[in-house]
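**Q** Please find one structure pasted underneath; my questions will follow.
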Amino acid sequence: MRLRIGYSLTYEFEQPTPMVTMLSVHYSRVSDLVAPDVMMTEPSTPYVSYRDSFGNWCNRVVAPAGRFAMRADTTINVSGLPDEIAPTAIQHAVEDLPEETLMFLLPSRYCESDKLLDTAWKLFGHTPPTWERVQAISEWVHRHIAFGYQWARPSKTAWEAFEEQQGVCRDFAHLGVALCRAMNIPARYCTGYLGDIGVPPSPDPMDFSGWFEVFMGGRWLTVDPRNLVPRIGRVLIGHGRDAADVAITTTFGPNVLLDFQVWTHDVAPDGAGTV
């Protein structure tokens, strides 16, 4: 299966302003790209690229004063299979975890696993230390939080989502991450593309999606409490401790976001059009 993916973001800046963007497909999926995933700017502005401490591709640019747009449009091959379900995956003892996973056991800015420790063990301490425990957490988060864009705010934490019982996909993911970490399961926040393949189309404008991954059974596995069911065509952009590590843009000066568009849909193998 082949997907067309891309974005278009337009800002208004009062003065030349440094930016860091994280909008490129994750390096682990680069071999699946049919064409390069290159950020184009208007007006044309030089930028440099680097890989951050989590392995995510980032761009550094100084946006000029006035209107500044960033855009990419490419295609990528995907398996056409839904997210993996791993009923035989077993939770690792902390002492057996690889060192690189240990940071994903710790509380972070948006995932206060320490504040949710007692709650997590009361809710899930009876579950077996297997994929069943992760599924129980995901299903509970799905039921506990009501979804709505009117409840989105960039400062909301997992604890606040738990208390308010409402939010958007990042809030579902943050609460799931925090509860998993409280149960000694390494969990990392993810952002990327997720379209409506195999499910009824959403009437809401397309956006980047937030989910998380857990380290269990010797590998990272996808968990999506917002959607709950395994999905087709998920394309990773970045992962980190929480959304603070994978902001799609970080601006170092005043600005106004004028336009924001994201697209992802399946196309014919020759790219001639949608199927």
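The values are calculated or read from the model by the stated rules, or taken from the named source; none is laboratory data. If you're wondering where the values come from, they're calculated on a predicted model, not measured in any experiment. Positions of Cβ are backbone-derived with ideal geometry, glycine not excepted, and every protein chain shown enters the neighbour counts.
**Q** Report the residue count in region 140-186 for those that are β-branched (Val, Ile, Thr) and under 23 Å from Thr127 (Cα atoms). Walk me through how you get there before you give the answer.
**A** Taking region 140-186 and keeping what is β-branched (Val, Ile, Thr), we get 141, 145, 157, 168, 177, 185.
Next, only the ones that are under 23 Å from Thr127 (Cα atoms) stay: 141, 145, 177, 185.
Qualifying residue count, region 140-186: 4.
**Q** Among the listed residues Arg51, Arg67, Arg60, identify the single one that is of a type in the set (Lys, Arg) and either touching a Lys or Arg at 6+ places or on another chain (Cβ under 9 Å) or over 18 Å from Phe13 (Cβ atoms) (or both). Walk me through it before giving the result.
**A** Working: Arg67 fails: either touching a Lys or Arg at 6+ places or on another chain (Cβ under 9 Å) or over 18 Å from Phe13 (Cβ atoms) (or both); Arg60 fails: either touching a Lys or Arg at 6+ places or on another chain (Cβ under 9 Å) or over 18 Å from Phe13 (Cβ atoms) (or both).
Only one candidate qualifies: Arg51.
**Q** Here is a follow-up. Pick out the one residue from Gly80, Gly125, Gly148, Gly66 that is within 30 Å of Pro43 (Cβ to Cβ) and surrounded by fewer than 17 Cβ atoms within 10 Å (Cβ to Cβ).
**A** Details: Gly80 fails: within 30 Å of Pro43 (Cβ to Cβ); Gly125 fails: within 30 Å of Pro43 (Cβ to Cβ); Gly148 fails: within 30 Å of Pro43 (Cβ to Cβ).
It is Gly66.
**Q** Scan region 92-113 and tell me whether some residue there is closer than 23 Å to Asp224 by Cα, of a type in the set (S, T, N, Q), surrounded by fewer than 16 Cβ atoms within 10 Å (Cβ to Cβ) and in contact with a strand residue (DSSP E or B) (Cβ under 9 Å, 6 or more places away or on another chain).
**A** So far as region 92-113 goes, no, none of its residues is closer than 23 Å to Asp224 by Cα, of a type in the set (S, T, N, Q), surrounded by fewer than 16 Cβ atoms within 10 Å (Cβ to Cβ) and in contact with a strand residue (DSSP E or B) (Cβ under 9 Å, 6 or more places away or on another chain).
**Q** Shifting gears a bit: Tell me which of these Thr74 doesn't satisfy, since it passes every other one: (1) buried (at least 17 other Cβ atoms within 10 Å of the Cβ); (2) touching a residue at least 60 places away in the same chain (Cβ under 8 Å).
**A** (1)
**Q** Residues in region 107-133 that are within 18 Å of Phe212 (Cα to Cα), assigned to a helix (DSSP H, G or I) and among the aliphatic types (A, V, I, L, M): how many?
**A** The total comes to 1.
**Q** How many residues are β-branched (Val, Ile, Thr) and closer than 19 Å to Val262 by Cα when one looks only at region 31-53?
**A** Qualifying residue count, region 31-53: 3.
**Q** Follow-up question, since we're still on this one. Might you check whether a residue that is surrounded by fewer than 15 Cβ atoms within 10 Å (Cβ to Cβ), assigned by TED's automatic domain parsing to the domain that holds Thr17, small (Gly, Ala, Ser) and over 19 Å from the mean Cα position of the chain (by Cα) occurs anywhere in region 35-45?
**A** yes
**Q** Next question, about the same structure. Take His26 and decide whether it is buried (at least 18 other Cβ atoms within 10 Å of the Cβ) and under 19 Å from Tyr193 (Cβ atoms).
**A** In short, yes.
Residue-wise test of (1) modelled with pLDDT of 95 or more; (2) under 17 Å from Ile185 (Cβ atoms).
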{"position": "Asn59", "(1), (2)": "yes, no"}
{"position": "Phe68", "(1), (2)": "yes, no"}
{"position": "Arg71", "(1), (2)": "yes, no"}
{"position": "Ile76", "(1), (2)": "yes, no"}
{"position": "Ser79", "(1), (2)": "no, no"}
{"position": "Ala93", "(1), (2)": "yes, yes"}
{"position": "Leu117", "(1), (2)": "yes, yes"}
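**Q** Within region 11-58, work out how many residues are assigned to a loop (DSSP other than H, G, I, E, B) and β-branched (Val, Ile, Thr). If you could, list the steps in order and put the result at the bottom.
**A** Here is the first cut: in region 11-58, the residues assigned to a loop (DSSP other than H, G, I, E, B) are 14-16, 22-26, 34-39, 43-46, 52-56.
Checking the rest, the ones that are also β-branched (Val, Ile, Thr) come to 25, 34, 38, 45.
The qualifying residues number 4.
**Q** Examine region 201-222 for a residue that is more than 15 Å from the chain's Cα centre (by Cα), of a type in the set (Phe, Trp, Tyr) and crowded, with 20+ Cβ neighbours inside 10 Å, and state whether such a residue exists. Before you say what the answer is, go through the steps one by one.
**A** Residues of region 201-222 that are more than 15 Å from the chain's Cα centre (by Cα), as a first pass: 201-205, 215-219.
Narrowing the set further to residues that are of a type in the set (Phe, Trp, Tyr) leaves 215.
Narrowing further to those that are crowded, with 20+ Cβ neighbours inside 10 Å: 215.
Yes, region 201-222 contains at least one residue that is more than 15 Å from the chain's Cα centre (by Cα), of a type in the set (Phe, Trp, Tyr) and crowded, with 20+ Cβ neighbours inside 10 Å.
**Q** Next question, about the same structure. For Gly198, all conditions in the list (1) buried (at least 20 other Cβ atoms within 10 Å of the Cβ); (2) on the phi > 0 side of the Ramachandran plot; (3) not polar (S, T, N, Q) hold save one; what is the number of the exception?
**A** Failing condition for Gly198: (1).
**Q** Turning to a different aspect of this structure: Restricting the search to region 134-185, which residues are polar (S, T, N, Q), in a helix (DSSP H, G or I) and at pLDDT 95 or above? Walk me through it before giving the result.
**A** Restricting attention to region 134-185, the residues satisfying the condition of being polar (S, T, N, Q) are 135, 138, 150, 155, 157, 165-166, 184.
Then drop every residue that is not in a helix (DSSP H, G or I), which leaves 135, 138, 150.
Correct list: Gln135, Ser138.
**Q** Inside region 195-275, counting only strands (runs of 3 or more DSSP E) that do not spill past its ends, which hold 1 or more residues that are assigned by TED's automatic domain parsing to the domain that holds Ile137, without any contact (Cβ under 8 Å) to a residue 60 or more places away in the chain and over 27 Å from Tyr11 (Cβ atoms)? Before the answer, list the steps.
**A** Numbers: elements: 209-216, 219-223, 235-240, 249-251, 255-267.
Answer list for region 195-275: 209-216, 219-223.
**Q** Shifting gears a bit: Could you tell me how many of the residues in region 13-30 are within 19 Å of Gln261 (Cα to Cα) and touching a Gly at 6+ places or on another chain (Cβ under 7 Å)? Please lay out each step first, then the result.
**A** First pass over region 13-30, keeping only residues within 19 Å of Gln261 (Cα to Cα): 13, 19-25.
Within this subset, residues satisfying the condition of being touching a Gly at 6+ places or on another chain (Cβ under 7 Å) are 13, 22.
Of the residues in region 13-30, 2 are within 19 Å of Gln261 (Cα to Cα) and touching a Gly at 6+ places or on another chain (Cβ under 7 Å).
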